[in-house]
């Protein structure tokens, strides 16, 4: 019920919204919870397990009960807390975990079955018969229990991530946080003030307390206005700091206001990574509910929430309120309600010594022990020394005291300590390096102490930052004594709820102790207490107090469970912001990308690069047709292929040759200028790392090529070798992969094609096999290498990347005129398999030079990386799996990469494994499939028939072992 | 004789303008990576000063000005932007032409730093990342070079092949920042 008074709402702004299909009105500044309460809606959800009717418990982000689903379709968002959901025009919400409706929920039958559904019920009840577990029990439980559901559709909304840096991060903008920010800001520090609420002020917005002679909320507004005008301050409201991480890094989730998030390109949420030199945690405290029988009736909420709805949103949470507490705040609650004209039918104070000067039926040393009603609270039972008494009420404001919000201080392994005076856990200093605490989160429960602590924490941070302290004095404010008589659970029969969200009762916790789950961590897992979306914010301390009692230990010995990030739920969408669709990984396009796209070529990803699989021609319906054609084209005419993706590393310096000698197995210092040599390098463990060609452009200048996949790895390796192993060598290297667009021109007519382009034609004499040098194409300086990965007379021609597109188009057109054209990765692969050339399919990390038949290339005349390791026993044994060629000889012609090799008669089990296939292609040149693979003692077994078994597809093929070079073994074609 | 036609790295993907921020392609002229040989740091710096009017930059710094800049480009490496490198530099350092290897963009405008803060983790506060400061860092998932070249302008360099991705990522970030501006 909305009552008169200003509050912090804008009555001039009426907002229409829906809840479960009905339309309601609220005001600007309302949350869904305050607006529903204003419309006299107390029932907002059903509980997780028993489907008990539930109403709002709190007025903040800790809310366990009032969870709703917002939005429609793909944008549907489940488990949104009504207490933090800002009302906006047209907001559509529905309640969760009920069927068919919130008022009439068939699943509430679970409540009658409660004796069977207690702690650990699923561990005990559904152990047998085993067959029923997956088929019956699990689906039934999943259907009955749970929270809201995702839409199951692709989320098209935008989420954002961002980084921020500051000298001081202040977490929480209540009195302590505001004054900490002001103190640091006036001293000139860069300050970020993060507040999860829509406005600053914290509890000042919910109370009638005065600061500096003004209403608290007004004082907070004035301080905020001063901060907002300072260049060195960034105020981030709607931003929940959710985690503390190493080196002053904090994660924070910002919810963008609805009207802004509806704009083009605007995000819905932003996940911030804030790096702060120092931080002040001023996160406040969360009120503790009291466990008593039926304490979950809608209408029962924390006293602090009752005051917040009353003072901030001008909503009376009932017409007939009972207040139950154990501190002076209970009295303040009554006073606030009475001032607003709300009837209070009883004040129940658990403290025997309490006095009351208010005009209200007063029960000192008493407890509320039961609550009546169904979908709404109707009465409460008060127990005093004299007996019990029923009092009518539609709202109970309860308080068991406050728990400092220590969560963030524990994110790096710290544990809070128990403070007997306030009956709560408080943070330990230094638990998070660079972070100090101030205000209620460290147990200062008077407003004035909070203000003083805010100043002090900021002064300490300023000292650390080396800045001069600013002269800020905490203003006058309420400075009461926190006089608490601890009450966690009221004794009695029936179910008394501790964890509202996961339906965990006092009895469940006691049962866990009886069944020997006595450690607080075991109790948590056994009962599921603290495991819901509120992560036990409302229930942890009371639950462990009950456990302490049940096990005969004290609370400090029992300890808390582990507080982990995130403090409040974070959507996966915001954590993965920027990584949807194209944002997932950068796209690395070659200069020929557009021309290749225009030809209709499908792309295959190679690392971040995109390379064409094949270039389909009209009439070709299967990739194999295109691939076969392209292979034939290269063998018979000329083909063009973009090879720019291969790593190119410029190596220069007086010691360049010596350096290459050290990283490659073979010698490069002996290579003549204008010549290219093939080489491979080993890892330090003696296995092959990568291969490629290196060209000598001048005495001190080489260009190394790497495979596409290992370009980064090789660069890193070279840096390591130079910086750590041979720092004395004067050599410099840098990547030139992106500088040059490089194309393979391969086939019998390759030279004819090139001579059509080159400003100065070449011939065999000027450009023999493995020659290289500068060329000029239409006046553009390029490089030409006579190398071949296809076994044909071939070249690679490179020009500065700006000319790549143009050169590729020219090469393609001219090749087509000669009966050739562009070829893709599929044809490239077949061509190299026909020639027995290796790729990373073969040099996959477990093979040695010896295994690939290149043991002879490890020079005996010099040392190189991996040489000693490669000579270890076992690395050069004949029985090792070594490279062979394979071709089908039986009925079945299919060969599959990944298939394993077995002796003809042997059973296909791992004990009999003889090797495996690494690469397969259909050779149009030979008319059948061919493969490269590794076979035990392979080179000695040429001519033998072995059996390939590929278990995944159930394929078995007899194949003949042969030399890995299938075509033109003498290399006559390459030399032209 | 064939005629090869040059294309720019962004090939039309820039310029972009969203809200108060613009991103445009920059033709920096010749780009040369300059890697001093052993013990030649000082000699190189002097040669650079003599030939091009600026000293070799310290780590995370850039020297020179628009049209002729030397940007620290990693361990023992400087990127000379603009002039054709003087031949004398070759005595002290390995010179490598990189003119076609990088896509270079200029991000400019009132909220340029806010846009960058959505893409790179470095501290961009005006007092920390001042004019003439540079960083080799991550931008989205790309390794980049970012240099503050003016009060409200930054030079961003990524591998040429990433040009389209950079334009895409900048656009998303620019839209997100523009949408938050008060209207």
Cross-chain or 6+ apart pairs with Cβ under 6 Å, segment A:174-190 first and surrounded by fewer than 24 Cβ atoms within 10 Å (Cβ to Cβ), then at pLDDT below 95: A:186/A:470; A:187/A:470
Candidate set: segment B:149-166, residues that are more than 9 Å from every other protein chain (Cβ to nearest Cβ) and in contact (Cβ under 8 Å) with a residue 24 or more places away in the chain; chosen: the one farthest from the chain's Cα centre (by Cα): B:152
Checking residue B:169 against (1) surrounded by fewer than 21 Cβ atoms within 10 Å (Cβ to Cβ); (2) out of contact with any strand residue (DSSP E or B) (no Cβ under 6 Å at 6 or more places or on another chain); (3) within 9 Å of another protein chain (Cβ to nearest Cβ), which single condition isn't satisfied? (1)
Among the candidates B:70, B:113, B:144, B:105, single out the residue that is assigned to a helix (DSSP H, G or I) and either crowded, with 23+ Cβ neighbours inside 10 Å or within 12 Å of chain A (Cβ to nearest Cβ) (or both). B:113
State the number of residues belonging to segment A:801-837 that are within 17 Å of residue A:593 (Cβ to Cβ) and within 14 Å of chain B (Cβ to nearest Cβ). 12
Out of A:43, A:85, I need the residue that is over 33 Å from the mean Cα position of the chain (by Cα) and buried (at least 18 other Cβ atoms within 10 Å of the Cβ). Which one? A:43
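Table: residues versus (1) without any contact (Cβ under 8 Å) to a residue 12 or more places away in the chain; (2) within 21 Å of residue A:846 (Cβ to Cβ).
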{"site": "A:906", "(1), (2)": "no, no"}
{"site": "A:911", "(1), (2)": "yes, yes"}
{"site": "A:914", "(1), (2)": "no, yes"}
{"site": "A:919", "(1), (2)": "no, yes"}
{"site": "A:932", "(1), (2)": "no, yes"}
{"site": "A:939", "(1), (2)": "no, yes"}
Kindly provide the set of residues from segment A:167-181 that are in contact with a strand residue (DSSP E or B) (Cβ under 9 Å, 6 or more places away or on another chain) and closer than 17 Å to residue A:460 by Cα, ordered by number. A:167, A:168, A:169, A:170, A:171, A:176, A:177, A:178, A:180, A:181
When you look at residue A:453, is it out of contact with any strand residue (DSSP E or B) (no Cβ under 7 Å at 6 or more places or on another chain) and at pLDDT 95 or above, yes or no? yes
Within segment A:581-602, restricting attention to residues that are more than 10 Å from chain B (Cβ to nearest Cβ) and outside any helix (DSSP H, G or I), which residue is surrounded by the fewest Cβ atoms within 10 Å (Cβ to Cβ)? A:600
Going by the conditions given, is residue A:868 surrounded by fewer than 20 Cβ atoms within 10 Å (Cβ to Cβ), in contact (Cβ under 8 Å) with a residue 12 or more places away in the chain, within 41 Å of the chain's Cα centre (by Cα) and outside the structural domain of residue A:679 (by TED's automatic domain parsing)? no
Is it fair to say residue A:573 is over 23 Å from residue A:440 (Cα atoms), surrounded by fewer than 24 Cβ atoms within 10 Å (Cβ to Cβ) and touching a strand residue (DSSP E or B) at 6+ places or on another chain (Cβ under 6 Å)? yes
Those residues of segment A:742-773 that are exposed (fewer than 13 other Cβ atoms within 10 Å of the Cβ) and touching a residue at least 24 places away in the same chain (Cβ under 8 Å) come to a total of 0
With respect to residue A:670, determine if the residue is over 24 Å from residue A:844 (Cβ atoms), in contact with a helix residue (DSSP H, G or I) (Cβ under 9 Å, 6 or more places away or on another chain) and either surrounded by fewer than 24 Cβ atoms within 10 Å (Cβ to Cβ) or outside the structural domain of residue A:713 (by TED's automatic domain parsing) (or both). yes
Pick out the one residue from A:819, A:853, A:890 that is closer than 30 Å to residue B:1 by Cβ, in a loop (DSSP other than H, G, I, E, B) and in contact (Cβ under 8 Å) with a residue 60 or more places away in the chain. A:819
What residue, of A:68, A:56, is surrounded by 23 or more Cβ atoms within 10 Å (Cβ to Cβ), outside the structural domain of residue A:310 (by TED's automatic domain parsing), closer than 19 Å to residue A:568 by Cβ and out of contact with any helix residue (DSSP H, G or I) (no Cβ under 6 Å at 6 or more places or on another chain)? A:68
Among strands (runs of 3 or more DSSP E) entirely within segment A:287-356, at least 1 residues that are in contact (Cβ under 8 Å) with a residue 40 or more places away in the chain and closer than 26 Å to residue A:541 by Cα occur in A:300-302, A:320-325
Residue in segment A:517-524 that is farther than 20 Å from residue A:56 by Cβ, touching a strand residue (DSSP E or B) at 6+ places or on another chain (Cβ under 9 Å) and assigned to a helix (DSSP H, G or I) present: no
When restricted to A:634, A:651, the only residue in a helix (DSSP H, G or I) and either within 14 Å of chain B (Cβ to nearest Cβ) or buried (at least 23 other Cβ atoms within 10 Å of the Cβ) (or both) is A:634
Six or more apart or on different chains, Cβ under 8 Å: which pairs go from a residue in segment A:722-738 that's more than 8 Å from chain B (Cβ to nearest Cβ) to one that's modelled with pLDDT under 95 and in a loop (DSSP other than H, G, I, E, B)? Could you list them? none
Determine whether residue B:8 is surrounded by fewer than 22 Cβ atoms within 10 Å (Cβ to Cβ) and touching a helix residue (DSSP H, G or I) at 6+ places or on another chain (Cβ under 8 Å). yes
Please find, within segment A:499-516, the residue that is farthest from residue A:46 (Cα to Cα) out of those that are touching a residue at least 40 places away in the same chain (Cβ under 8 Å) and not in a helix (DSSP H, G or I). A:515
Just need a number here: residues in segment A:143-168 that are at pLDDT below 85 and within 13 Å of chain B (Cβ to nearest Cβ). 0
Take residue A:1 and decide whether it is surrounded by fewer than 21 Cβ atoms within 10 Å (Cβ to Cβ) and in contact (Cβ under 8 Å) with a residue 12 or more places away in the chain. yes
In segment A:778-797, is there at least one residue being out of contact with any strand residue (DSSP E or B) (no Cβ under 8 Å at 6 or more places or on another chain) and within 12 Å of chain B (Cβ to nearest Cβ)? yes
Within segment A:225-269, can you find the residues that are within 13 Å of another protein chain (Cβ to nearest Cβ), touching a helix residue (DSSP H, G or I) at 6+ places or on another chain (Cβ under 8 Å) and closer than 21 Å to residue A:190 by Cα? A:232, A:233
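The values are calculated or read from the model by the stated rules, or taken from the named source; none is laboratory data. Predicted model only: the values in this text are computed from it and were never measured. Cβ coordinates were reconstructed from backbone atoms using ideal geometry, including for glycine residues, and neighbour counts include every protein chain displayed.
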